[in-house]
Amino acid sequence: MKAAVLDHVGVPPHFGDFAEPEPGEGQVVVNVAAAGVNHLDLAKASGSFYTGPPPIPSVVGSDGVGRTAHGRRVYFDAPVAPYGSWAQQTLVSDTDLLDVAAGVDDATAAALGNTGLTAWLALSWRARLQPGESVLVLGATGAVGSVAVQAAKSLGAAHVIAAARNPDRLRWARQHGADATVVLSPGTDLPSAFRQAAGDHGIDVIIDPLWGEPALAAMQAVAPGARHIQIGASSAPTIDLPAAVIRAADLEILSFVVFRAPLQERRDAYRNLTERAALGEIAVDVIRLPLAEVASAWEQERRGAHARLILTP
Ligand SMILES: NC(=O)c1ccc[n+]([C@@H]2O[C@H](COP(=O)([O-])OP(=O)(O)OC[C@H]3O[C@@H](n4cnc5c(N)ncnc54)[C@H](OP(=O)(O)O)[C@@H]3O)[C@@H](O)[C@H]2O)c1
């Protein structure tokens, strides 16, 4: 079969041939229709992800949508090594298959995988968002952030603030449910800007794929008892966090890792996401590329694509 084959850790994969998977006990072969290109995939293939380096040779790609031999359309995000999702076929444990709602195309369904589950579960499972609460989404122009803005509204948030560097791209967030926006520009008093954008609603939940200065500023602007959900570090890997900031707001700082969410939570979240996408309530920007263009997909994701790249084997 054709696949994105990784021959050396730290060197981008190449489009080539790889042995077709043979299912063992409890395993299913999935014919891949659409595979997500995530930061996670680049980090894993580069050997910088905290789970350690992948086997060599192996197929890159952690998630995607496809069909089993019986025609069931599924989302998967735990291919059995050395198989991955950037291939015509992959191998998955039959307990790890999530059903996709009807009415949503394969590429959109794949784009709602790692990205959508992260946004939805960060709000529903980790932050325990309650209807009527207020949410600040940092990095709201990114793949995770743009779904988080829409998911927060879907989950009943009364007020959603979208914050990011690019004012043009923040307009998209405004058109997709954000009630207020904050431009993360140098020299801005961000805690004041966040408080002003929150108004009387305050800020109950921070969705944080950035860390760095915007995260610290957000923590300084929240309502008492707020939850800060730490997802990624696109802005900076460290911050200088005064203890008083945590105590002043009785702040909960919670880590989020999408594959640590319980299976039933993930099933429910993915069903909700794909049903809402089918209804047009949740939209994702998708760029489709044929599998043969894996080198281009890799480079676009490395540079920050601002849309979910999807390989279509
Ligand atoms: N924990 C998990 O389970 C999990 C799951 C998925 C993703 N993640 C992580 O979440 C993060 C975001 O992922 P993504 O797929 O949404 O990425 P993305 O589509 O590339 O978006 C990145 C976002 O970060 C912003 N950004 C980048 N550098 C910045 C900086 N120096 N200062 C301020 N903003 C900056 C971008 O804003 P501009 O528009 O201004 O460039 C954009 O809004 C990544 O670190 C990823 O690894 C974690």
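The values are calculated or read from the model by the stated rules, or taken from the named source; none is laboratory data. Note that the coordinates shown come from a computational prediction; the quantities given were computed from them, not determined experimentally. Don't worry about glycine lacking a Cβ; one is built from the backbone with ideal geometry, like all the others, and counts go over all protein chains shown.
Which of the residues spanning region 219-240 are surrounded by 13 or more Cβ atoms within 10 Å (Cβ to Cβ), assigned to a loop (DSSP other than H, G, I, E, B) and not hydroxyl-bearing (Ser, Thr, Tyr)?
Filtering region 219-240 down to residues surrounded by 13 or more Cβ atoms within 10 Å (Cβ to Cβ) leaves 219-223, 226-236, 239.
Then drop every residue that is not assigned to a loop (DSSP other than H, G, I, E, B), which leaves 220-223, 226, 231-236, 239.
Answer for region 219-240, where residues must be surrounded by 13 or more Cβ atoms within 10 Å (Cβ to Cβ), assigned to a loop (DSSP other than H, G, I, E, B) and not hydroxyl-bearing (Ser, Thr, Tyr): Gln220, Ala221, Val222, Ala223, Ala226, Ile231, Gly232, Ala233, Ala236, Ile239.
If you go through region 219-229 one residue at a time, do you hit one that is assigned by TED's automatic domain parsing to the domain that holds Gly139, under 19 Å from Lys153 (Cβ atoms), more than 14 Å from the ligand (Cβ to nearest atom) and modelled with pLDDT of 95 or more? Within region 219-229 (the criterion being assigned by TED's automatic domain parsing to the domain that holds Gly139, under 19 Å from Lys153 (Cβ atoms), more than 14 Å from the ligand (Cβ to nearest atom) and modelled with pLDDT of 95 or more), the answer is yes, since at least one residue qualifies. Scanning region 301-313 for residues that are surrounded by fewer than 21 Cβ atoms within 10 Å (Cβ to Cβ) and at pLDDT 95 or above returns a single hit, Thr312. Here Gln130 clears all of (1) assigned to a loop (DSSP other than H, G, I, E, B); (2) under 20 Å from the mean Cα position of the chain (by Cα); (3) away from the ligand (no atom under 13 Å from the Cβ); (4) not β-branched (Val, Ile, Thr) except the condition numbered (2).
If only one of Arg247, Arg260, Arg266 is near the ligand (Cβ under 10 Å from one of its atoms) and basic (Lys, Arg), which one is it?
On the way: Arg247 fails: near the ligand (Cβ under 10 Å from one of its atoms); Arg266 fails: near the ligand (Cβ under 10 Å from one of its atoms).
Exactly one of Arg247, Arg260, Arg266 is near the ligand (Cβ under 10 Å from one of its atoms) and basic (Lys, Arg), namely Arg260.
Do you know which residues across region 255-267 are crowded, with 17+ Cβ neighbours inside 10 Å and either more than 30 Å from Lys2 (Cα to Cα) or among the charged types (D, E, K, R) (or both)? Reasoning before the result, please.
Of region 255-267, the ones crowded, with 17+ Cβ neighbours inside 10 Å are 256, 258, 261, 266.
Across region 255-267, the qualifying residues are Phe256, Ala261, Arg266.
Looking across region 151-185 at every residue that is β-branched (Val, Ile, Thr) and more than 19 Å from the chain's Cα centre (by Cα), the one that is nearest to the ligand (Cβ to nearest atom) is identified as Val183. If you check Ala292, Ala297 for being over 24 Å from Thr95 (Cα atoms), among the hydrophobic types (A, V, I, L, M, F, W, C), within 14 Å of the ligand (Cβ to nearest atom) and in a helix (DSSP H, G or I), only one passes: Ala297.
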